[in-house]
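The values are calculated or read from the model by the stated rules, or taken from the named source; none is laboratory data. This one's a predicted model, so the numbers in the text were calculated from it and none came from an experiment. As a convention, Cβ positions derive from the backbone with ideal geometry for all residues, glycine included, and neighbour counts pool all protein chains shown.
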Amino acid sequence: MRGKTRKLVWNVVSLLALLTAGIVLAGCDLLNPIGPTQPPDLAPTGVTASTGQFEDQVRITWLPVERATSYRVFRAPTRDGDYQLLGSESSLVYTDQVGTENQGRLYWYKVEACNSVGCGPHSVAVSGYAGYPPAPTNVRASTTYGDKIVVSWDPVPGATYYQVYRERNPDQGFTIVPGGDNVVSASFDDTTATPGTWYWYRVKACHANGCSALSQPASGRR
């Protein structure tokens, strides 16, 4: 009788050991077999897109989101444009292979966090490009100063300096304004313009990999 009791105890102990091993190997799946019950609540933060570090691609990165097992990346041609799904990624980086033919073309990106239940909200939009910078936009030239023409434009992400060009006729070839070959801010004071004369200005954005195409022209007068 004592032997049967020992055998029964041994069988129970063995069964408990097997169950314990199963829980360890299976991890949380045995404890929570149904998985997540709701999608991620938050949009990804810390979203960045490369600005010319790569010749043929834009790399988008972001910070992890709680309960997310994958992320979806969207792209649009403008900040408020129609965002199209590029793909899904389980890591925290996505590479958009735009090709060398699209160097200098600005793209806008958003990211959302997902799991098996669904996806959370979109992140804020960020811009990026491959190769040389895109041309500056919203170029403006003043008409209100007697001693100079102030040329300004919207900053280009990733640009480290700008070149300012000038011509009296917008249909002729533009040349760099004296002192306008290494402008580090998004504005330039042209003090060499002849008083009472109208000039047209165009701007290039530059960084270590090269310069953009010329911007659209803008006219101003001293």
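Tabulated data for the structure shown
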| item | result |
| --- | --- |
| The lone exception for Asp154 - which of (1) in contact (Cβ under 8 Å) with a residue 40 or more places away in the chain; (2) of a type outside the set (S, T, N, Q); (3) surrounded by fewer than 15 Cβ atoms within 10 Å (Cβ to Cβ) it fails | (1) |
| Matching option when the condition is at pLDDT 95 or above, more than 30 Å from Arg72 (Cα to Cα) and in contact with a Cys (Cβ under 7 Å, 6 or more places away or on another chain), among Tyr161, Tyr199, Tyr132 | Tyr161 |
| Strands (runs of 3 or more DSSP E) wholly inside segment 141-222 that include at least 2 residues being out of contact with any strand residue (DSSP E or B) (no Cβ under 7 Å at 6 or more places or on another chain) and polar (S, T, N, Q) | none |
| Members of segment 189-218 that are more than 26 Å from Gln103 (Cα to Cα) and surrounded by 15 or more Cβ atoms within 10 Å (Cβ to Cβ) | Asp189, Asp190, Ala193, Trp198, Tyr199, Trp200 |
| In segment 158-173, the residues that are under 22 Å from Asn209 (Cα atoms) and either basic (Lys, Arg) or touching a Leu at 6+ places or on another chain (Cβ under 8 Å) (or both) | Tyr165 |
| Number of the exception - Gly128 against (1) in contact with a strand residue (DSSP E or B) (Cβ under 6 Å, 6 or more places away or on another chain); (2) farther than 30 Å from Val184 by Cα; (3) touching a residue at least 60 places away in the same chain (Cβ under 8 Å) | (2) |
